[in-house]
Each structure stands twice: as C-alpha cells, then as structure tokens.
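A.B. asks: Mind having a look at this structure? Questions to follow.
The values are calculated or read from the model by the stated rules, or taken from the named source; none is laboratory data. Because the structure is predicted, anything quoted here is derived from the model rather than measured. Methodologically, a virtual Cβ is constructed for each residue, glycine included, from the backbone with ideal geometry; neighbour enumeration extends over all protein chains shown.
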Amino acid sequence: MPEMELKLVFDEADLARLRTLPGLRDKLAGAQPARSHAIYFDTPEKYLWKRGLALRVRRTGDVSIQTIKQVGCALLERGEWERRINWDPSDAPPRPDGTMIDETPFADVIDKAVRARLRPTFEVDVQRVAFMVTEGNAAIEVAIDRGRIKSAGAERETLPVSELELELKRGDKQELFTLARELTAHAPLHLSLISKAERGRRLVDGLWGHPAKASSPRLEADMTGEQAFSAICRACLNDFMLNAAVLTSKSSPDPVEAIHQGRIALRSLRAALALFKPMARDDAFARMNDELRRLARLFGEARDRDIMLANAPETSRAASAAAANDFSTWLEHRRLAAREAAREAVQSERWRIFLIDFSEWIDCGAWRRRPSGHHLEPVAQFIRRRLKKRLAALLREARDLAELDAGAQHAVRIAAKKLRYMAQFFVGVSGVADRKRMKRLLGGLDKLQSCLGVLHDDEASLTAARIDIGLWRAEVGDVGPLALEAAARWTTPKEDGKKWLEQALEAYSEVAEAEPF
C-alpha cells in the first residue's frame, strides 16, 4: 500500500527550538520516547538497491515489523508493504521473514536464491517520539527520530539522524504540506527526500558527504505522463538535496563539485518542467520555474567563479607571480562570496518553504485536477513527440552554426544541453526512441554543447576578467604596474576558437544524422 509522508530534517542544535513549536509543545511534553532498532538487508552486490527496493526489520519494544519499501518513486507516496513478524534479533546472522516477502508483489523478484544471499547492510538505532495531531480534516502522525545510522562492516561508521516525519493517517494529503509549512516557518526544518535507506546505503558505500552525480529516474513505458513527471522531479530534487547537504556541511570536502552537481540537478529539473509544460502548465507553473531559475543563477555564478580560477593564467616571473596574487586573492574572495550566497540561499526560509510548495504542486497541483489527454496518455508516446519537436527546433536553430554570432551560438549550446537532459531521462524506456540511435544522439549533443561551451566560457571569462579588473582597481586603488600587468594576463584568449568550432560542426552533423525518433 502507498505510504503518504513528508520528512523534515533538522540540526540537533535546534532541538530545543523544535520543542517550542506551536502545536507540538504540549504533545512533546506528554510523549514517551521509545527505542527503535532497524536492520536493513541486501545482498553483497546490492541486488535490492539496484531494483529500487529497501528491506528492513524494525524492532520497537517486543514488536518486530518487517517492511519492503520502494525507493525513488513519487514525491509524496511510496509503495510500502509491512507486517508484524516473529523475529529473534539474536539470530546470527539475523534473517528477514520469507513468508512476509511471499505476501508482497516482490515474491518473484526476491526469490529463494536472493533471500539466501541477504545480509545485514546497516542498522538504524533511534529514540522515537510519536503522537497524533489534527490539521484541517486530516489526522497526521508526527514522529521525531534522533539517533544514528551504523554500517554493518568492521569499521562501523556512523551517521547522525535528526528527523521529523509527518505521515497521513486519514484525510486530505494537502494538509501534510500545510502542517509542514507551519512548522518550517517557526524552525529551521528542511524538507528531505533522502530516505534512511539511501543514507545508509551511501554510508556503506563511502559516498555520504560527497557530491553526487545525476541519477536516473525509474521510468516505465506504461507510466502516465503525470507519473513520469513526478518521478523525474523526485530524482532531480533528490540529487540536488544530496549536493546541498555537502555544500552546507560544516566541513564540506568538495564544495566546487557540490556546486557543479547541484547546478546540474537544478538545470535537469528545469528541463523537466520545459519538457512537460503542455501537461503541467497551470497558474503556479511560472512561479515554480522562476524560483528554480533564481537558485540556478546563484549556483551558476558560483560555478563560473570556480571555472575562472581553475583556468588561471600561468605567470613566468617570480615578481609577476607575487603581483598576480593581488588580483588572484581578490578573485578568491569573490569566489567565496558567490559560494556563500548559494549556501545561504539553500538554507534560507524562502527556499525551505519553496521546496514544500513545489512538492505540493507536483503531487496536488491544479494541473493534476484538470487533466488533459497528456496526463493519461502513455508517457512514451507523449515524450517521443516532444523530443522530436525539440530536436527539429535545435537543428533549425543551428543550421548555419558557423555564421552565427557568439550570442546565437550560446543559445544553440543551451538548447542542445536542455535536449540532452530531457532525452537522458528516457534512455532505455521502450517506445520513446531507437536505443542505439538515442545513444548516438546523446553523444552528439554532449559533444556539441561541450565544444560550444569552450568557446562561450573562453569569451565569457575574458569579459568577466575585464569587468573584475575594473572593480578590483576601483576597490584597491593604486595596484602598481606589476600587479596590473599580471592581472592583464587574465584577458588573454586561451582557446583556439577555429578548432572548437570545427568540432562543433562535426557534432551538429552527428546530431542531425542520429534520427532516433
């Protein structure tokens, strides 16, 4: 059965503030915490995880509940099957109940051969406080979990857990979002799509706390358009949240890559909105897109600073090197300021509330209540038409690529990048495109955007450097001739424009010849 819940994460330092929230204060005062210990199972080769499943046994007091969850599904609803079992946690090694698995739709997926290879992967040990509240016509269970996730390996690495879960027991699911907004307006709570199962999996794999590359949404050809749109948005938001967690951590190991991957996630999300616009356009569509664009711009500014400093010109003399440090140091301050602006935006109440609004729009928006033919049409048919139309428009726009000015070439680059994001969602989904030709198209699009990107980045860096030198001199005053000479090296072209344009033209031919649709 589907489980309807929202999860809000918080910093342990904010627990005292959480206890004073309106509507929770009295309930928390009277609630008794209970220890909950869960073991998550999988095979050594991650059989369940690769199929979007999580299997756990959770023991609270003397009661053991076995659960199978689908991960990476819709924003609000997730498939969940659970049953009370007789389970002895002292068994070595502990094993899940096979009879319960047989009662679920996954009996054939998790067959006897798979069950024999299941091993404890990680554990979640928390103190849980749970109670019921009413919001409008809805009955909602509020659960606050505080504890740790522990890997099952010899190293026993751990990860803190501080979560507030809202689960709809009865009534209108929009009331979940209403309550989440009320709580977030009074405390620094962050909506999170990252499940305990994913956090534990990434902890075991040594990936938690590191930037995450784009994931692939779980799509099927027989999905409706709205199901596919929801799954894609969830995947993009999940990717963004993983990278935002790295960016905002107190000891971020790789903020440059977190900015880069976070920007990709935002761009992918905006590409999904553009792709599904005929279906999802309603009165809230523009506001959702505008806010995503605003944050993407902040991440873009930080990313541009990272690229600029990564391509710093070499200095040939010690004196010039010392002088160059004046401008380079100033640029580093600008880079850190841009990164901090992105970090503050992610942590702001504005963004935290927006995430709730956006999630509500995806799950309960007006576009769902006035369905067109696109909503119930198999997604493969709808997407095939949309991608074919986008590809034709790109080929028209880039037909005279060599004759286009820099601005028009950049527009072609953006169109190619958007189409690549859109097409990547549906690689392997039958009925959308010929698989081999689709891969050929994606390769051509990647090459086209990369070549045009080199041309644009070089030109944009030169323009930005000239502007920055003017700002630097205005702020610093007399910088001296050596420092000025060293700074001027930033305005020297670094790339062979002719070479990259020739490669872009080759890529255009590859795109034109792919014909995947």
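A.B. asks: Looking only at residues that are within 29 Å of the chain's Cα centre (by Cα) and among the aliphatic types (A, V, I, L, M) in the range 11-20, which one is nearest to residue 139 (Cα to Cα)?
C.D. replies: Filtering the range 11-20 down to residues within 29 Å of the chain's Cα centre (by Cα) leaves 11-15, 17-18.
From what is left, the residues that are among the aliphatic types (A, V, I, L, M) are 13, 15, 18.
Values: 13: 29, 15: 24, 18: 20 Å.
Out of the qualifying residues, it is 18.
A.B. asks: With the requirement that a residue be surrounded by fewer than 19 Cβ atoms within 10 Å (Cβ to Cβ) and at pLDDT 85 or above, what does the range 29-40 give you?
C.D. replies: Within the range 29-40, 32, 33, 34, 35, 37 qualify.
A.B. asks: Oh, and also: So residue 198 passes all but one of these: (1) surrounded by 17 or more Cβ atoms within 10 Å (Cβ to Cβ); (2) without any contact (Cβ under 8 Å) to a residue 40 or more places away in the chain. Which condition number does it fail?
C.D. replies: Evaluating residue 198 over (1) surrounded by 17 or more Cβ atoms within 10 Å (Cβ to Cβ); (2) without any contact (Cβ under 8 Å) to a residue 40 or more places away in the chain leaves (2) as the failure.
A.B. asks: Of the residues in the range 416-461, how many are among the basic types (Lys, Arg) and more than 22 Å from the chain's Cα centre (by Cα)?
C.D. replies: From the range 416-461, those among the basic types (Lys, Arg) are 417-418, 420, 435-437, 439-440, 447; that's our starting set.
Right, trim to more than 22 Å from the chain's Cα centre (by Cα) and you get 435-437, 439-440, 447.
Total satisfying the criteria: 6.
A.B. asks: Considering only residues that are closer than 20 Å to residue 345 by Cα and surrounded by 20 or more Cβ atoms within 10 Å (Cβ to Cβ), which ones fall in the range 204-232?
C.D. replies: Listed by number, the residues that qualify are 211, 212.
A.B. asks: Also, I was wondering about something else. Just to verify a result, which residue in the range 229-275, among those that are free of Cβ contacts under 8 Å to residues at least 60 places away in the same chain and in contact with a Gly (Cβ under 7 Å, 6 or more places away or on another chain), is farthest from residue 193 (Cα to Cα)?
C.D. replies: 253
A.B. asks: Go through the range 349-394 and report how many residues are buried (at least 21 other Cβ atoms within 10 Å of the Cβ) and without any contact (Cβ under 8 Å) to a residue 60 or more places away in the chain.
C.D. replies: So the answer is 0.
A.B. asks: Restricting to the range 4-28, name every residue that is closer than 23 Å to residue 172 by Cα, surrounded by 13 or more Cβ atoms within 10 Å (Cβ to Cβ) and either at pLDDT below 90 or in contact with a Phe, Trp or Tyr (Cβ under 9 Å, 6 or more places away or on another chain) (or both).
C.D. replies: 4, 6, 21, 23, 24, 27, listed by residue number.
A.B. asks: Yes or no: the range 115-124 includes at least one residue that is assigned to a loop (DSSP other than H, G, I, E, B) and surrounded by fewer than 13 Cβ atoms within 10 Å (Cβ to Cβ).
C.D. replies: Here is the first cut: in the range 115-124, the residues assigned to a loop (DSSP other than H, G, I, E, B) are 118.
Filter again for surrounded by fewer than 13 Cβ atoms within 10 Å (Cβ to Cβ), leaving none.
There is no residue in the range 115-124 that is assigned to a loop (DSSP other than H, G, I, E, B) and surrounded by fewer than 13 Cβ atoms within 10 Å (Cβ to Cβ).
A.B. asks: In the range 249-278, which residues are at pLDDT below 95 and farther than 23 Å from residue 388 by Cβ? Before the answer, list the steps.
C.D. replies: Applying the first criterion (at pLDDT below 95) to the range 249-278 yields 249-254, 278.
Of everything in the range 249-278, those that are at pLDDT below 95 and farther than 23 Å from residue 388 by Cβ turn out to be 249, 250, 251, 252, 253, 254.
A.B. asks: Hey, among the residues in the range 261-320 that are among the polar types (S, T, N, Q) and over 22 Å from the mean Cα position of the chain (by Cα), which one's surrounded by the fewest Cβ atoms within 10 Å (Cβ to Cβ)?
C.D. replies: Of the residues in the range 261-320, the ones among the polar types (S, T, N, Q) are 261, 268, 289, 311, 315-316, 320.
Narrowing further to those that are over 22 Å from the mean Cα position of the chain (by Cα): 311, 315-316, 320.
On the way: 311: 13, 315: 17, 316: 10, 320: 16.
Ranking the candidates gives 316 first.
A.B. asks: Conditions: (1) at pLDDT 95 or above; (2) in contact with a strand residue (DSSP E or B) (Cβ under 8 Å, 6 or more places away or on another chain). Residue 73 meets all but one. Number of the miss?
C.D. replies: The single condition residue 73 does not satisfy is (1).
A.B. asks: Looking for whichever is charged (D, E, K, R) and touching a Lys or Arg at 6+ places or on another chain (Cβ under 8 Å) here; the options are 334, 352, 384, 368. Which one fits?
C.D. replies: Working: 352 fails: touching a Lys or Arg at 6+ places or on another chain (Cβ under 8 Å); 384 fails: touching a Lys or Arg at 6+ places or on another chain (Cβ under 8 Å); 368 fails: touching a Lys or Arg at 6+ places or on another chain (Cβ under 8 Å).
Result: 334 is the single residue among 334, 352, 384, 368 that is charged (D, E, K, R) and touching a Lys or Arg at 6+ places or on another chain (Cβ under 8 Å).
A.B. asks: What number goes with the only condition from (1) part of a loop (DSSP other than H, G, I, E, B); (2) touching an Asp or Glu at 6+ places or on another chain (Cβ under 9 Å); (3) closer than 20 Å to residue 347 by Cα that residue 161 does not pass?
C.D. replies: That leaves (1) as the condition not met.
A.B. asks: Among residues belonging to the range 130-158 that are of a type in the set (S, T, N, Q) and assigned to a strand (DSSP E or B), point out the one that is surrounded by the fewest Cβ atoms within 10 Å (Cβ to Cβ).
C.D. replies: So in the range 130-158, the residues of a type in the set (S, T, N, Q) come out as 134, 137, 151, 158.
Then keep just the ones that are assigned to a strand (DSSP E or B); that gives 134, 151, 158.
Numbers: 134: 13, 151: 21, 158: 15.
Restricting to residues being of a type in the set (S, T, N, Q) and assigned to a strand (DSSP E or B), the top hit is 134.
A.B. asks: Any idea which of 394, 355 is modelled with pLDDT of 95 or more and over 24 Å from residue 227 (Cα atoms)? Walk me through how you get there before you give the answer.
C.D. replies: Details: 355 fails: over 24 Å from residue 227 (Cα atoms).
On inspection, the qualifying residue turns out to be 394.
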